[in-house]
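Reading through the structure tokens given below for one structure.
Derivation of every value follows stated rules applied to the coordinates shown; laboratory data play no part. The structure displayed is predicted, hence computed values, not measured ones. Cβ sites come from the backbone with ideal geometry, for glycine too, and all protein chains shown count toward neighbours.
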Amino acid sequence: MKIIKFKKELEEALQGQGDTKKGFVPTMGALHKGHISLLNLARANNQLVISSLFVNPTQFNNPADLEKYPRPLNQDLEILREHGVDIAFVPDTEEIYNHPEPWHMDLGELDTILEGRSRPGHFQGVTQIVKILFDLVKPHNAYFGLKDYQQFLVIKKLVQHFHLPIEIIGCPIIREPDGLAMSSRNLHLSESERKTSLILYKALTKIRDLGKSESPESLKALAYSMIESEPGVRIEYFDIADRENLQPIQSWSEDKKALALVAAKVGQTRLIDNMFLNQDT
């Protein structure tokens with residue numbers, strides 16, 4: 001595996017690849033089994049696999065959150081090596097933003113609902129860094145975990161907006177045996193908070209299992225009640241939305257694919273999760 005720190009060196013390494021099928025897995029490091037599932041899929045379906053490790057400051061609206069974000073670089077590089085990555089791109093902030101330019105992309109309501117509402121400016125930072133990385137790597141396929149479902153839709157919108165010839169592939173959420181969605185932020189949970197956080201998964205599965213037997217509003221009320229009754233958990237949102245655009249679903253219909261999305265703080269750690277509600281998918 002080649003480890004590259006500079007944009008020019010990356011461009012040189014990718015020159016002359018011709019029609020070589022390139023798969024790209026952008027990450028912020030602190031890799032876990034969720035990331036590994038993306039790496040494995042990229043390895044299985046591409047001739048050349050590139051992954052980046054970069055904690056992007058422009059997508060953090062809380063400086064303390066950026067400061068405490070885990071950065072186990074050597075461990076991450078070993079995981080990339082073990083899972084068949086050909087090129088690891090590990091730039092520093094100065095290398096990526098050495099000539100900062102104003103950035104704003106019209107994301108419509110995706111920028112103002114759910115995560116957009118809770119974390120103003122977050123998706124502008126996400127699209128900024130992903131566009132920079134896409135322009136450098138020029139992948140055929142790029143892989144993103146569906147735990148960050150809204151981000152997945154945002155990246156698809158980015159590709160459509162700039163007419164990029166990149167296939168955006170969403171990969172299923174990988175969970176711990178007890179159901180907790182794998183996340184780099186889980187490292188910040190104490191043992192008791194780790195157990196408490198399972199209420200998010202329990203609420204999601206309860207709503208999924210009830211299906212269309214109750215209205216979306218009734219299901220949301222039930223989820224809020226479950227989560228709010230758990231000491232140490234502060235819910236930010238729980239919504240039932242259309243998978244295509246994340247618009248709220250007020251009533252059930254056959255033509256809409258639904259998912260439930262939740263965000264909450266457990267202690268000082270903010271967690272998000274989601275679950276498809278249609279039983280046929």
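Some points to look at:
- Within the chain, helix-based [θ] at 222 nm, where runs of 4 or more DSSP H residues each add -39,500 (n - 2.57), nearest 500: -11000 deg cm²/dmol
- With the cut-off at under 11 Å, measuring from each backbone N in segment 14-42 to a point 7 Å along the Cα-to-Cβ line of Lys2 picks out 14-17.
- The label point for Gln47 and the one for Ser253, both projected 7 Å from the Cα toward the Cβ, are 4.6 nm apart.
- Pair Lys265, Leu198: separation of 7 Å Cα→Cβ label points (nm): 2.5
- Residue-span extension gain [Asp92 to Ser225] - 0.36 nm each, minus C-alpha spacing: 43.5 nm
- C-alpha center-to-center spacing [segment 165-195, segment 1-60] in angstrom: 20
- Max mean-square fluctuation residue, GNM over the chain, Cα-Cα springs under 10 Å, options Asn186, Asn46, Asn74: Asn74
- The chain: most fluctuating residue of Asn45, Asn56, Asn141 per GNM, C-alpha cutoff 10 Å: Asn45
- Per-residue Karplus couplings for segment 253-263, computed as 6.51 cos²θ - 1.76 cosθ + 1.60 with θ equal to phi - 60°, are listed in order as 8, 5, 8, 10, 8, 9, 9, 9, 10, 9, 9 Hz, Gly and Pro entered as x.
- Simple point charges give the picture: +1 on the Cβ of Lys and Arg, -1 on the Cβ of Asp and Glu, and for the chain a dipole about the Cα centre of about 360 debye.
- Sequence ranges 90-99, 114-123, 217-226, ranked by mean other-Cβ count within 10 angstrom, highest first: 114-123, 217-226, 90-99
- Per residue, the convex hull spanned by the alpha carbons of segment 184-273 comes to 90 Å³.
- With both labels modelled 7 Å from their Cα along Cα-to-Cβ, the Asn278 to Asp178 distance reads 3.3 nm.
- Normalised contact order of the chain, rounded percent, pairs of Cα under 8 Å and 6 or more residues apart: 17
- The tail of the calculated P(r) for the chain, taken as Cα-Cα distances beyond 36 Å, holds 16 percent of the pairs.
- R0 of 51 Å, Cβ-Cβ distance Leu187-Asp19: FRET efficiency to nearest 0.05: 0.80
- Partners for Lys21 among lysines (Cα-Cα distance below 18 Å; same-chain residues under 8 apart left out): Lys2, Lys138
- Neighbour net charge for Arg117 - beta-carbon separation under 12 angstrom, K R +1, D E -1: -4
- Out-of-range pairs (alpha-carbon distance over 24 Å; input Lys22/Lys157; Lys131/Lys265; Lys220/Lys256): Lys131/Lys265
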